[in-house]
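Notes to accompany the following structure.
The values are calculated or read from the model by the stated rules, or taken from the named source; none is laboratory data. Here the structure is a predicted model, which means the values were calculated and not measured. As a convention, Cβ positions derive from the backbone with ideal geometry for all residues, glycine included, and neighbour counts pool all protein chains shown.
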Number of protein chains: 2
Amino acid sequence: MKLSLFALSALLPSALALWPLPTGLSLGSTPLRLAKGFDIKIAINNAPADLVAAVSRTKGFLANDKLAALVIDRGASSASAIASAKSLPSLTLSLAFEPKGPCKSISAEAVGPIEGRSEGYTLVVPADGSGAVLKANSTLGLFRGLTTFSQLWYDLKGTTYSLSAPVQISDAPAYPYRGFMLDTARNYYPVSDIKRTLDAMSWVKINTLHWHVVDSQSFPLVIPGYTELSAKGAYSAKSVYTPEDVKSIVAYAAARGIDVIPEIDTPGHTSVIAKAFPEHIACAEATPWTAFANEPPAGQLRLASASTISFTSGMLKAAAGLFSSQFFSTGGDEINANCYKQDAETQKSLSSSNQTFLQALDKFTQDTHAALRSVGKSAVVWEEMVLDNPVKLANDTVVMVWISSANVQAVARTGHRLVHAASDFFYLDCGQGGWVGANPNGNSWCDPFKTWQHAYTFNPTANLTAAESSRVLGGQSLLWAEQSGPQNLDSTTWPRAASTAELFWSGPGGNVQAALPRLHEVVYRFRQRGVAAISLQPEWCALRPGACDL
Amino acid sequence: MKLSLFALSALLPSALALWPLPTGLSLGSTPLRLAKGFDIKIAINNAPADLVAAVSRTKGFLANDKLAALVIDRGASSASAIASAKSLPSLTLSLAFEPKGPCKSISAEAVGPIEGRSEGYTLVVPADGSGAVLKANSTLGLFRGLTTFSQLWYDLKGTTYSLSAPVQISDAPAYPYRGFMLDTARNYYPVSDIKRTLDAMSWVKINTLHWHVVDSQSFPLVIPGYTELSAKGAYSAKSVYTPEDVKSIVAYAAARGIDVIPEIDTPGHTSVIAKAFPEHIACAEATPWTAFANEPPAGQLRLASASTISFTSGMLKAAAGLFSSQFFSTGGDEINANCYKQDAETQKSLSSSNQTFLQALDKFTQDTHAALRSVGKSAVVWEEMVLDNPVKLANDTVVMVWISSANVQAVARTGHRLVHAASDFFYLDCGQGGWVGANPNGNSWCDPFKTWQHAYTFNPTANLTAAESSRVLGGQSLLWAEQSGPQNLDSTTWPRAASTAELFWSGPGGNVQAALPRLHEVVYRFRQRGVAAISLQPEWCALRPGACDL
């Protein structure tokens, strides 16, 4: 049988714990246990170490999740059915095609060309006691399948079981880019928080960490050859990401199928660079900040200065060397015109070279992007670079829409690939109070709070032609850190970021009523694994799908 | 000198870390260190054990807070001034008047008659190396003073120092009731979370935990003689508060100057009682819930039944025995008329006794309140009991305003004492998404989010006459738990609840611009003590008071 999302939820509330929902799914209603000696076998010659490690982590989840079913009796009434169920002896992983040459690792697949990544898989879990089979075209697909497999099981007094065998899944993502953006500049996050977040991201098949690593407020990234930036610009000597930290984060992510796209926003959002290289920054900490920047402190790279272009290009290249992604974001949002108008240096450069601001921005962008291209990176930019301040960009440039989802069509019409990151749907930090001081009502520019329901009902191709739609790579949740930090990372992000993850894996059109019981499962399973996802409803409701619907 | 709140903040941003702001305060600008052998002495015969323990905790804070000053260099530039500063050898606590008989403990004072509690103190910290002196009329006042003393100090490489000596403080609260309400019924909080919250409350001089312990969704309170209620109504056998837990929480609170007012909401919000005593509940889990209750599951005590009144009175008395507060809240909010209309039992009782609904509610209330009075408790009720469904209430009854701050005047005019708890200012859970299912936009009834600034600028006596104003006991923040739990308790509550704490300690009229730097201090100090208060701004702003003001 193949049931619609809604029908499945109505019939099998406790059994349907998969998130994101597989695009092809058939479930039975036969109980099945994991055998005591249950094993996961890799039928691949010389399996890559990260796949072996992923199997080991999956076994850990099966042993340690200990998630009681989200039904009123937490599964107790199924005890005898479970006791007499067949046992699943094994799960065997294999590749659908014998690879030519050595099998590529998950880590290699995770950072490969985005449109070419193969994340699909098929998973069959028979009800008759024969072994389960997971197949994919890549180790990355096998990893996604392992993630799904680990969500099938509940615990009842030490027995790991499902009530939904046989299971047949044929799954692949609707969009190749499913991301989460983290800002580590406004407030600092220790490496352990980032790694915990990468784990959680992988559990809902998010495949991109867009790491907004530095900004005007602090420069935690230690860049070889440019270490003064973090030495003088980090909040403290401990609030940094060393090259070893970055390599460790990138490797940790890749092994979990996640590409880490770094962002060093330019030419705006660079005030902190003035602490080490004052010669490159216009209007550094100029006051009142409202006249020079969208947020304090003011400060922008002197985009018309040849020396600053050279410095920026060198820094971006050096930073790019720390990351394995094909992408590197140079930002380009919120450039303040007045800052440059008031900066004598910039005015001198512009007039001596007989350039307008936009011409200078164009040259700055082309030069810095060329530097990145010389080390194999494609650029990512914010929407202003094609709308407000349109500059020449290489065809492979990816544009992120942030100001408003209303701008998606205009961006798509530029012919560039785009990522949905609009503040009116995907900004996790909005609606929790404004952060600027001397603001008696405390409201924020991007009120209200973006609910999981709001993001879930977003249509990624609304008003787009087929050609424009083909440029949509996917979308992401974003956590800007003016009011975020380690203290509320989990509670702000989870489970809301999972909502967006499902939208871009399973595709749009999902129904919040049907999704809610499964989203509770995400919350409860995340907690078992050490991520502090918040409650969406009273537990009374979580155990009674539909009972708290309007 | 005696400076206004604003002037102090402008002059001494790093030194003014006191929250709530003392009502009388004079600070100098002389550096002072804590001596290596710094000691806190209690010049009281037979000092109560909880005061001795409070002194010990204070010493722990002084030794372990290790809070670097919130200035750009985190205090480094003051190193030589600190090194050559005088040392404070001691703090001596004494009572202003020799007590008649044995000195009352903090715990006893904390639960004494609310208008009679003495929380004021004077604190003098000389700059010349002579000892500091803390005086009060009660051990409770001494405890408040210790709390203030512990906020005066920063750490620089192991030296504990202040730059603001001499300090002279004469402090007392503007309002006797400064509370925090926690709902432990929609979702369960372990005892450890409650105790951590009590600690945090005491650090900002909140003196009341209004414990909404049970509700329609779950009944975690184990009541002697009525244990079936929790046995059948708690979310799990572990999700309960045993009598030992309650005593431990009440004692922990009292030792920190906090009165624990329990609430068992009646006659509405009682669906869960049906699991153990179905005979007492009308419309239990009736569907659609929207027709029978403001939230699922529906279910109300059969208020017109003599047997149910007797049961309720007995249960309330038994529950009251677990607490030491003079108050006990019987709730009384959101009574659903249709539930009783559709309940044949209730209709039979009403007609056989020839009572209207309101007459029956009046009798139910008087009988249950009389039961509480028989064990020494004054009742607390929600505003509907004097506005929507006005019943006869004893003069000592305290009314909580929750629906809207616009109802304060009407409540005050009834002549009852009142507590500010209005949803439009003090509900910490609002604005983070609606929790009912099948709600595509995900909005909630009490949007938007209540910012700390909004609560801070509340006027407790707006539109009230002097006589009406005299009935305002104070106010509180409230955390309803439909979407809250241990995962977001700290991040939802802190520092916002501190904003309300200062409003009702220091009095209204505070300025958010001046308050923000001190509120950062609360956040950073809370973190040092293990409470995950969230960032209000980028750290760049927290270290530069005013630099991020609009």
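Say whether the condition of being part of a loop (DSSP other than H, G, I, E, B), more than 14 Å from the chain's Cα centre (by Cα) and not polar (S, T, N, Q) is met by at least one residue in region A:196-209. Taking every residue of region A:196-209 in turn, none turns out to be part of a loop (DSSP other than H, G, I, E, B), more than 14 Å from the chain's Cα centre (by Cα) and not polar (S, T, N, Q). Scanning region B:299-318 for residues that are touching a Phe, Trp or Tyr at 6+ places or on another chain (Cβ under 9 Å) and of a type in the set (D, E, K, R) yields a single hit, B:ARG302. A:ARG302 falls short on exactly one of the conditions (1) surrounded by 20 or more Cβ atoms within 10 Å (Cβ to Cβ); (2) basic (Lys, Arg); (3) out of contact with any helix residue (DSSP H, G or I) (no Cβ under 6 Å at 6 or more places or on another chain), and that condition is (3). Taken residue by residue, region A:124-141 has no member that is touching a strand residue (DSSP E or B) at 6+ places or on another chain (Cβ under 8 Å), among the acidic types (Asp, Glu) and within 14 Å of chain B (Cβ to nearest Cβ). Could you please find all residues in region A:476-485 being touching a Gly at 6+ places or on another chain (Cβ under 8 Å) and either of a type in the set (Asp, Glu) or within 11 Å of chain B (Cβ to nearest Cβ) (or both)? Within region A:476-485, A:GLN483 is the sole residue that qualifies. In the set (1) under 30 Å from B:GLN528 (Cβ atoms); (2) in contact (Cβ under 8 Å) with a residue 60 or more places away in the chain; (3) out of contact with any Pro (no Cβ under 8 Å at 6 or more places or on another chain), the condition left unmet by A:ARG527 is number (2). Going by the conditions given, is A:ASN488 within 7 Å of chain B (Cβ to nearest Cβ) and modelled with pLDDT of 95 or more? Answer is yes for this residue. Quick one: would you say B:ASN443 is in contact with a helix residue (DSSP H, G or I) (Cβ under 7 Å, 6 or more places away or on another chain), without any contact (Cβ under 8 Å) to a residue 40 or more places away in the chain and at negative phi? Answer is no for this residue.
Evaluated against (1) over 26 Å from A:ARG186 (Cβ atoms); (2) touching a strand residue (DSSP E or B) at 6+ places or on another chain (Cβ under 7 Å), A:ALA466 falls short on exactly one condition, (2). From the list B:LYS2, B:LYS59, the lone residue that is modelled with pLDDT under 95 and either hydrophobic (A, V, I, L, M, F, W, C) or farther than 19 Å from B:GLU521 by Cβ (or both) is B:LYS2.
Residues in region B:259-276: is at least one out of contact with any Gly (no Cβ under 7 Å at 6 or more places or on another chain) and of a type in the set (Lys, Arg)? Taking every residue of region B:259-276 in turn, none turns out to be out of contact with any Gly (no Cβ under 7 Å at 6 or more places or on another chain) and of a type in the set (Lys, Arg). Condition check for B:GLY474 on (1) of a type in the set (Gly, Ala, Ser); (2) out of contact with any Lys or Arg (no Cβ under 8 Å at 6 or more places or on another chain); (3) in contact (Cβ under 8 Å) with a residue 12 or more places away in the chain: one failure, at (2). Residues of region B:101-154 that are among the hydroxyl-bearing types (Ser, Thr, Tyr) and part of a strand (DSSP E or B): B:TYR121, B:THR122, B:TYR154.
Looking only at residues in region A:153-178 that are under 23 Å from the mean Cα position of the chain (by Cα) and either at pLDDT below 95 or hydrophobic (A, V, I, L, M, F, W, C) (or both), which one is nearest to A:ASN137 (Cα to Cα)? In this case the residue turns out to be A:ALA172. Residues that are surrounded by fewer than 17 Cβ atoms within 10 Å (Cβ to Cβ) and of a type in the set (Gly, Ala, Ser) were ranked within region B:30-47; the one that is nearest to B:PHE97 (Cα to Cα) is B:ALA43. Taking each residue of region B:291-308 that is more than 17 Å from B:GLU482 (Cβ to Cβ) and looking for partners that are buried (at least 24 other Cβ atoms within 10 Å of the Cβ) and charged (D, E, K, R) with beta-carbon atoms closer than 6 Å, six or more apart or interchain, yields B:THR308/B:ARG302. Comparison of A:LEU51, A:LEU67 shows that the only residue that is away from chain B (no Cβ under 14 Å), buried (at least 19 other Cβ atoms within 10 Å of the Cβ) and at pLDDT 95 or above is A:LEU51. For region A:515-541, a residue qualifies if it is within 9 Å of chain B (Cβ to nearest Cβ) and not in a loop (DSSP other than H, G, I, E, B), and the qualifying residues are A:LEU516, A:PRO517, A:VAL523, A:ARG527, A:GLU539, A:TRP540, A:CYS541.
Does at least one position in region B:163-170 carry a residue that is away from every other protein chain (no Cβ under 14 Å), farther than 23 Å from B:LEU67 by Cα and in a strand (DSSP E or B)? Scanning region B:163-170 turns up at least one residue that is away from every other protein chain (no Cβ under 14 Å), farther than 23 Å from B:LEU67 by Cα and in a strand (DSSP E or B). In this structure, does A:GLY331 turn out to be surrounded by fewer than 17 Cβ atoms within 10 Å (Cβ to Cβ) and under 24 Å from the mean Cα position of the chain (by Cα)? Judged against the criteria, A:GLY331 is not a match. If you go through region A:494-512 and keep only what is within 11 Å of another protein chain (Cβ to nearest Cβ) and assigned to a helix (DSSP H, G or I), you end up with A:ARG496, A:SER499, A:VAL512. Scanning region B:112-163 for residues that are of a type in the set (Val, Ile, Thr), crowded, with 20+ Cβ neighbours inside 10 Å and closer than 18 Å to B:ALA63 by Cβ yields B:VAL125, B:THR147, B:THR148, B:THR160. Provide a single number: the residues in region A:217-274 that are part of a loop (DSSP other than H, G, I, E, B) and either surrounded by fewer than 18 Cβ atoms within 10 Å (Cβ to Cβ) or acidic (Asp, Glu) (or both). Residues meeting the conditions: 8.
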